[in-house]
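The values are calculated or read from the model by the stated rules, or taken from the named source; none is laboratory data. Fair warning: this is a prediction, and the values are worked out from it, not measured in the lab. FYI the Cβ positions are ideal-geometry reconstructions off the backbone, even for glycines, and counts take in every protein chain you see.
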Amino acid sequence: MTSVVIVESPTKARTIKDFLPKNYEVIASMGHVRDLPQSASEIPENVKKEPWAQLGVNTKKDFEPLYIIPKDKKKVVKELKDKLKKADELILATDEDREGESISWHLLEVLKPKVPVKRMVFHEITKGAIKKALENCRDINQSLVRAQETRRILDRLVGYTLSPLLWKKVATGLSAGRVQSVSVRLIVQKERERRAFHKGSYWDLRAELKKNDISFKSQLMKLNDKKIAIGDDFDESTGKIKKGKKVLLLDEKEARILQSRLLEKEWQVTSVSEKASTRKPSPPFITSTLQQEANRKLRLSPRQTMRIAQSLYERGFITYMRTDSVQLSDQALKAARKCVTDMYGKEFLTKTVKKYTNKSQSAQEAHEAIRPAGSTFIAPQKAGLTGSELALYDLIWKRTVACQMADAKLTHIKVLFKVDDAEFQSSGKNIDFPGFFRAYVEGSDDPQAALDNKEILLPEMKKGDQVKCLDLFAKDHETHPPARYTEASLVKKLEIEGIGRPSTYATIIDTIVNRGYIKITNHSLVPSFTAFAMVGLLEANFSDLVDPGFTAKMEKVLDDIASAQTEWLPYMKKFFLGKKGLEQRTLEKTEQIEPATFRSLQFEGVSAKIHIGKYGPYMETEHDDKKITASIPVEITPSEFTQETVELLIMQQEKSSEELGIHPETNEPIYLLHGAYGPYIQLGVVEEGKAKPKRVTLPKGMKETEVDMDTALILLSLPRLIGKHPKSNAKILAGISRYGSYIVHDDPENGKDYRSIPKDKSVINITLKQAVEILSVEKRTRKKAAEPVREIGIHPENNQPINIFKGPYGPYIKYQKVNVAIPKESNIEEISLEQALDMISIKMASQTKGRGRRRKK
């Protein structure tokens, strides 16, 4: 008997194949084979004129979805059907969650098999797990399918109904989403808090003390029995001490006087207290905590984490990575405890097996937490992994093993000192027994280093002891605005609020970045002015859809549909249809909302209005009875847009309105202007119906104060002729492009040879001799195409080669236009096709997706 097993990916297929008998053929569906139409061209002709066609959901016929087979999946479907013709049995082995259940159902609907069908589920790809799954096949769970389909329809209805409204009322290209819009609002609310923040300042004293040849630090806590003010005592909205707080606020003068007065005084211990504490290990990873910790420790985005985890799962290294459950199987608990005993000793093992329970009520679909696969955990250094795969597996291994380790025991020590009328405090911390710290410290990738940092050692002291003051200094402090979300902290917030599912967090963050709502700067999520405009419109008109509580209730409904506790159709009708439904509300708001209302922002304390323009945000204000507009530089964030910013932009704009002079050849005025991306030279003025004036960006490093009429004329002449090459007699030109300053040798025999101008030379005054010297250096890209040092294989999706090449910085994997550096510790002969595919996927996901355009003056 021949059995066809269908999974989602080629990697998963290759791994599973090794654990099945020879009469089982495992093939990949490459994910979903059906979906709602993504564009008008995908809508079938027979329904194109239907009013609901653009939605892809027939809202008048019980929300019947319009499923189509995308063009790029038709070949896959044909191959699956051909394989099925020769089979005696079909086994659907897609992932065990709602998405996997949905893929299996769609396969069943498309393939319409005439042979028996089984649903096979497992949460790890090991020989034992596959054997057990094969022996315990079941039918497709229709409740899971319905829950996923309801989620997909809801997302489509919200997105396709509200997005066109945003295009009309804010800006084209924007999108709204059931989860993404709430996420953007959370980020915007944090930025509003930063705008409302008022800085507070205070002073205190710090001392370096010594006792028994051990030096340690101490801090001023009280003066005349009155507590000294610290950051927590300030009201963020006023920058002043909170009402009701009875603290002493020191200024610089008072602090320095106190410093001088106390420096020569005697320091005496007035009390020593100790307090024991216990730290318990964290539960094993679930999807959201893995994303958070990988972001904190490994600097991986949620998208990268899920791609790497998917690869590790499909190759049999870890259990299924989309889970809300912290529970471990008996097999896993036994394996973890053996690792503890073998690697750290019995004293580090918990006396009894430690079992974790789920906090999330919806954690019912997944079987286990994310852990190393199998009944014996492979040590990270023996797994044969490299780079990010090794790092993530190591993280999962340590967290899983640590959860069966003993608690860490600590002692906190507090020592108080009297110095005249002042009281100082020193705090110490001893790790009496490291317990699970030995294997895993949350937020650190080096447990031993983290242990060293956690201990704060103090000398032995008792009441009445004298200590020596080595140094005493006054220190100023400022309170800081609330920290912006990082990818890790946003994921945590979404999880706490019950918004979305952990498996979708990576996609949510990608979407809001790609739509221009946020940018990631120094690991922080910074909202754009467009995000403020979009959130403002939704808060004023669809407040429920950006309310975390409402969205969380929606998730609860979807969970109830998955567990067959709630009917999906009545909920859909209530949400979308009727007088209070989304459809009617959107129609009414489309008529009521004036476009200018939400395309403009007015921040408190700022005289200028911010407008969302076609080419980016710009400000508009009046100065000396004149209307002034100016592009807002891309580096200015909403929380940094203050009245000072407005005045600076006004000054720049007024200066820009002054002519540098008149071009001697064209008689047109020359201006030094400012755009969103910095200063530039413009020849002439913008006139409707005429060609755009010539503009030249200032060379990198050139200051505005360096630009005079002569410099402007040279910049406008670019690309300028430097001279002719002494060998070819061909022209050498110097110019500026979006990538910086360059020279080009227009060689009639070899074509144009472009070279970057070094930082120590200028496009304005580079000489012919200097240019010839730059051109004489051999250009790597002009060499013949390099031969690969190893051919890895063919990409399964398009049959394009994947090879390893040797580069100037080491070996790298090349696939089409994607180059991926190979870690130094990796052996290029041991890199498999599967590893290469995963590395390529991660690189492609992390690459930027385009640049913004400049706004015209």
- Query: Would you call ILE670 in a strand (DSSP E or B) and over 40 Å from the mean Cα position of the chain (by Cα)?
  - Reply: yes
From the option list LEU721, LEU733, LEU716, single residue qualifying as among the aliphatic types (A, V, I, L, M), more than 24 Å from VAL634 (Cα to Cα) and not in a strand (DSSP E or B) is LEU716
Matching residues in the stretch 687-714 (among the aliphatic types (A, V, I, L, M) and within 15 Å of GLY735 (Cα to Cα)) number 6
Only one of LEU84, LEU55, LEU107 is touching a residue at least 40 places away in the same chain (Cβ under 8 Å) and over 38 Å from the mean Cα position of the chain (by Cα), namely LEU84
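Look at GLU654 and say whether it is part of a helix (DSSP H, G or I), at pLDDT 90 or above and more than 14 Å from SER717 (Cα to Cα).
Details: part of a helix (DSSP H, G or I): yes; at pLDDT 90 or above: no; more than 14 Å from SER717 (Cα to Cα): yes.
When the stated conditions are applied, GLU654 does not pass them.
I want to confirm something. Restricting to the stretch 58-81 and keeping residues that are in a helix (DSSP H, G or I) and among the hydrophobic types (A, V, I, L, M, F, W, C), which single residue is farthest from the chain's Cα centre (by Cα)?
From the stretch 58-81, those in a helix (DSSP H, G or I) are 71-81; that's our starting set.
Still in the running and among the hydrophobic types (A, V, I, L, M, F, W, C): 76-77, 80.
On the way: VAL76: 32, VAL77: 34, LEU80: 36 Å.
My answer is LEU80.
Considering only residues that are within 30 Å of GLU193 (Cα to Cα) and among the polar types (S, T, N, Q), look in the stretch 220-243 and name the one that is surrounded by the most Cβ atoms within 10 Å (Cβ to Cβ). Let's see the steps before the verdict.
Step one: list which residues in the stretch 220-243 are within 30 Å of GLU193 (Cα to Cα), which gives 221, 227-243.
Next, from what is left, pick out any that are among the polar types (S, T, N, Q): 237-238.
On the way: SER237: 11, THR238: 13.
Looking at residues that are within 30 Å of GLU193 (Cα to Cα) and among the polar types (S, T, N, Q), I get THR238.
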Of the candidates GLY675, GLY684, the one satisfying the condition of being buried (at least 18 other Cβ atoms within 10 Å of the Cβ), of a type in the set (Gly, Ala, Ser), modelled with pLDDT under 85 and farther than 24 Å from LEU775 by Cα is GLY675
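Across the stretch 432-449, which residue is farthest from CYS339 (Cα to Cα) among those that are modelled with pLDDT of 90 or more and assigned to a loop (DSSP other than H, G, I, E, B)? Working first, answer last.
From the stretch 432-449, those modelled with pLDDT of 90 or more are 432-439; that's our starting set.
Imposing the further condition that a residue be assigned to a loop (DSSP other than H, G, I, E, B) reduces the set to 434, 439.
Details: PRO434: 17, ALA439: 11 Å.
Here the answer is PRO434.
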Filtering the stretch 799-834 down to residues that are modelled with pLDDT of 75 or more, within 27 Å of the chain's Cα centre (by Cα) and not in a strand (DSSP E or B) yields GLN816, LYS817, ILE822, PRO823
Among residues of the stretch 499-552 being among the polar types (S, T, N, Q) and not in a helix (DSSP H, G or I), the residue modelled with the lowest pLDDT is ASN522
When the stretch 490-501 is checked residue by residue, the ones that are surrounded by fewer than 23 Cβ atoms within 10 Å (Cβ to Cβ), of a type outside the set (Asp, Glu) and touching a residue at least 12 places away in the same chain (Cβ under 8 Å) are LYS492, LYS493, GLY498
- ILE774: at pLDDT 90 or above, under 41 Å from the mean Cα position of the chain (by Cα) and part of a helix (DSSP H, G or I), yes or no? yes
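Restricting attention to the stretch 123-137, which residues are part of a loop (DSSP other than H, G, I, E, B) and either farther than 22 Å from GLN327 by Cβ or in contact (Cβ under 8 Å) with a residue 40 or more places away in the chain (or both)?
HIS123, GLU124, ILE125, THR126, CYS137
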Scanning the stretch 291-324 for residues that are under 22 Å from GLY374 (Cα atoms), surrounded by fewer than 23 Cβ atoms within 10 Å (Cβ to Cβ) and out of contact with any helix residue (DSSP H, G or I) (no Cβ under 7 Å at 6 or more places or on another chain) gives GLN310
Per the filter on the stretch 424-437, residues buried (at least 22 other Cβ atoms within 10 Å of the Cβ) and not small (Gly, Ala, Ser) are PHE424, PRO434, PHE436, PHE437
request  = State whether the residues of the stretch 742-757 include one that is charged (D, E, K, R) and part of a loop (DSSP other than H, G, I, E, B).
outcome  = yes
